[in-house]
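For reference, the structure discussed in these notes is given below.
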Ligand code: AMP
Ligand code: MN
Ligand code: MN
Ligand code: MN
């Protein structure tokens, strides 16, 4: 079975529409697919309609930003009821935080000589809800940086122009929102937070102790060694395992939808009852 439980549409920082991405999932041979946009569920309706037409099992998802130990981590909510009030109230709060942050990012970029950053970024985004990816795309379009890698090396992170600290809700609250909506909470891409192994283990342990259900063991860029490592830690901290490409559809991205390495074992998957 081909399963991909982490993907983005243009309702956050992906390129494709929800129906386009579901069509791509079908072409890529996916049997089960989740759309997980950053802090919004706006694309889920359209994706569900497309998936039903094509006969793909569709999982409603969202990727929520959260604070752990003062650092931003991403927690996926999978199999959620997107109409749940507690979840939506939380997401609206994060969408407002994104608006405030976008204005701060734009001001900081303007102090670095990039004028009209807000307008230029909004002009290339298909959504009102701006992510740092949209600012990165603007900086590339304006010829300030060559590619996304060099943007995040010189801009948009702490102490660099456009680097703004986000006041997301704490991880335990975010886990609660997801579970209030009937979903399961999964720590996304644990190796992408620039943390030491000791710190990642502490993160997984804290999340697990606060009811988190699972961890993403396989992501689009995982090596076999990385998969084995997270798989061992998942067992150690009692977390179920999940898989997702984190596909955004950007140019020159190696990650492909539905093309993921195998899990070492499939007896403790997050989707075992779905
Ligand atoms: P935000 O949630 O608005 O802070 O934006 C985070 C998004 O920016 C992530 O989901 C990635 O899609 C993208 N991103 C962050 N760091 C990098 C990086 N080093 N290279 C490419 N994309 C990145
Ligand atoms: Mn993203
Ligand atoms: Mn993420
Ligand atoms: Mn993602």
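Here are the numbers:
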| item | result |
| --- | --- |
| Over the chain: helical MRE at 222 nm, DSSP H runs n ≥ 4 each giving -39500 (n - 2.57), nearest 500 | -12500 deg cm²/dmol |
| Between the stretch 1-15 and the stretch 124-161, the alpha-carbon center distance in angstrom | 20 Å |
| Overall dimensions of the stretch 193-274 by Cα: Rg and Dmax, Å | 13.3, 39 |
| Sites residue 86 and residue 166, calculated FRET efficiency, Cβ-Cβ separation with R0 22 Å, nearest 0.05 | 0.60 |
| Amide N of the stretch 64-83 lying under 14 Å from the label point, which is placed 7 angstrom from the Cα of residue 158 along Cα→Cβ | 67-73 |
| Two-site label geometry, residue 97 and residue 206: point separation in nm, points 7 Å out along Cα→Cβ | 1.4 nm |
| Computed over the chain: relative contact order in percent, which uses C-alpha pairs under 8 Å that are six or more apart | 21 percent |
| DSSP beta bridges in the chain [antiparallel fraction, %, rounded to 5] | 40 percent |
| Computed over the stretch 145-261, the ratio Rg/Rh where both radii use C-alpha atoms and Rh is Kirkwood | 0.99 |
| Gained length - residue 45 relative to residue 141, 0.36 nm times residue gap less alpha-carbon distance | 31.4 nm |
| GNM flexibility winner over the chain from 214, 143, 29 (Cα, springs under 10 Å) | 143 |
| Length gained when the stretch residue 196-residue 1 is fully extended (0.36 nm per residue, less Cα-Cα span) | 66.9 nm |
| Kirkwood estimate for the chain, i.e. one over the average of 1/r between Cα atoms, Å | 18.9 Å |
| Pairwise FRET efficiency - residue 254 versus residue 71, Cβ, R0 = 25 Å, nearest 0.05 | 0.45 |
| Square roots of 5 times each gyration tensor eigenvalue, C-alpha, the stretch 46-118, largest first, Å | 32, 17, 12 |
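None of the figures in this text is laboratory data; all of them are computed from the coordinates on show. Given the structure is predicted, the values throughout are model-derived calculations rather than measurements. Glycine also receives a Cβ, built like all others from the backbone with ideal geometry; neighbour counts cover every protein chain displayed.
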